[in-house]
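Each remark here refers to the structure printed beneath this line.
The values are calculated or read from the model by the stated rules, or taken from the named source; none is laboratory data. Here the structure is a predicted model, which means the values were calculated and not measured. Heads up, the Cβs are rebuilt from the backbone with ideal geometry, glycines too, and the neighbour counts pull from every protein chain shown. Note: areas computed on protein heavy atoms with side chains; ligands, DNA, RNA excluded. Shrake-Rupley method; radii C 1.70, N 1.55, O 1.52, S 1.80 Å.
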Amino acid sequence: MITYTTATTDNELKEILALQQKSLPTSVSPQEKEKEGFVTVVHDLDVLTRMNDACPHIIAKDGDKVVGYALSMTDGFKDEISVLRPMFTELENVNIQNFITMGQICVAKTHRKQGVFRGLYNAMKKASYPKYDAIITEVDATNSNRLGAHYAVGFENVCTYHSLSQDWELISLKTS
């Protein structure tokens, strides 16, 4: 049975990092990228821990094993992860207020197509409301699998912008 909670231990954070490594573009075949999607940002334990301390990450667990995660990131980290700086600049341009950023979402291959993605976002919405009005994230515009999954759970396009030689979809999900 899958349960959803916030990350509270170093071991859970290390399991997040291990799952992240398995989902990077360098770890999946071109066919998997197209069919299953991929994650873009690589975190280290220090940054992941500080992000979790500021706003706990949401995890999906099957027994005692992390099988999915949705990373929470306040704007205080906008200068720590260079690939995300353009997103925060774009957010200033579109004037969105009172949001939490979902820094990355990932589900283990063994648990895909079982509702874990939707469960992570439902848990994140509950954990974020009423403190935040929206969850904001961006998705590589070529990552059609991830975009479709986000739109299916209720995200809406805020804008598309170009940064770091690619197009990004900036999307928003209301928490209430």
With the calculation restricted to Cα positions, what are the radius of gyration and Dmax of the stretch 43-176 in angstrom?
-> 14.2, 43
Relative pair counts by distance (%), Cα atoms of the stretch 74-114, 5 Å bins | 5, 18, 26, 17, 10, 10, 12, 2
For the chain, whose charge dipole is built from +1 on Lys and Arg Cβ atoms and -1 on Asp and Glu Cβ atoms, the candidate among Cys106, Val94, Gly76 with its Cα farthest towards the positive end is Cys106
Please give the per residue accessible area of the stretch 66-166, computed with a probe of 1.4 Å over protein heavy atoms only, in Å².
-> 46
For the stretch 117-176, the Cα-Cα pair-distance distribution in 10 Å bins from 0, as whole percents, is 23, 50, 24, 3
Rounded to the nearest Å, the spacing of the alpha-carbon centers of the stretch 144-166 and the stretch 52-100 is 15
Unit Cα scatterers, Debye sum, the stretch 7-105: log10 I(q)/I(0) for q = 0.16, 0.23, 0.24 Å⁻¹ | -0.73, -1.24, -1.29
Non-local residues with an amide H under 5 Å from the amide H of Gln104, with H modelled 1.01 Å from N and Pro and chain starts lacking one, are Leu71
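Restricting to the stretch 56-176, compute how many DSSP beta bridges are antiparallel as a %, nearest 5. Before the final figure, lay out the partial values.
Numbers: 25 of 28 bridges.
That works out to approximately 90 percent antiparallel.
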Over all Cα pairs of the stretch 1-59, the Kirkwood radius sets Rh, and Rg/Rh then becomes 1.03
Provide the FRET efficiency to the nearest 0.05 for the Arg118-Asp44 pair, computing r from the beta carbons and using R0 = 25 Å.
-> 0.30
So which lysines pass the test for Lys113, namely a Cα distance under 23 Å, with those fewer than 8 places away in the same chain ruled out?
-> Lys22, Lys33, Lys35, Lys61, Lys65, Lys125, Lys126
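Of all accessible surface on the chain at a 1.4 Å probe, what whole percent is carbon and sulfur? Let's see the in-between values first.
Working: 4300 of 8610 Å².
Its accessible area is 50 percent carbon and sulfur atoms.
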Estimated vicinal HN-Hα couplings, Hz - the stretch 159-170 in sequence order (Karplus 6.51, -1.76, 1.60; Gly, Pro = x) = 5, 10, 9, 10, 7, 6, 6, 8, 9, 10, 9, 8
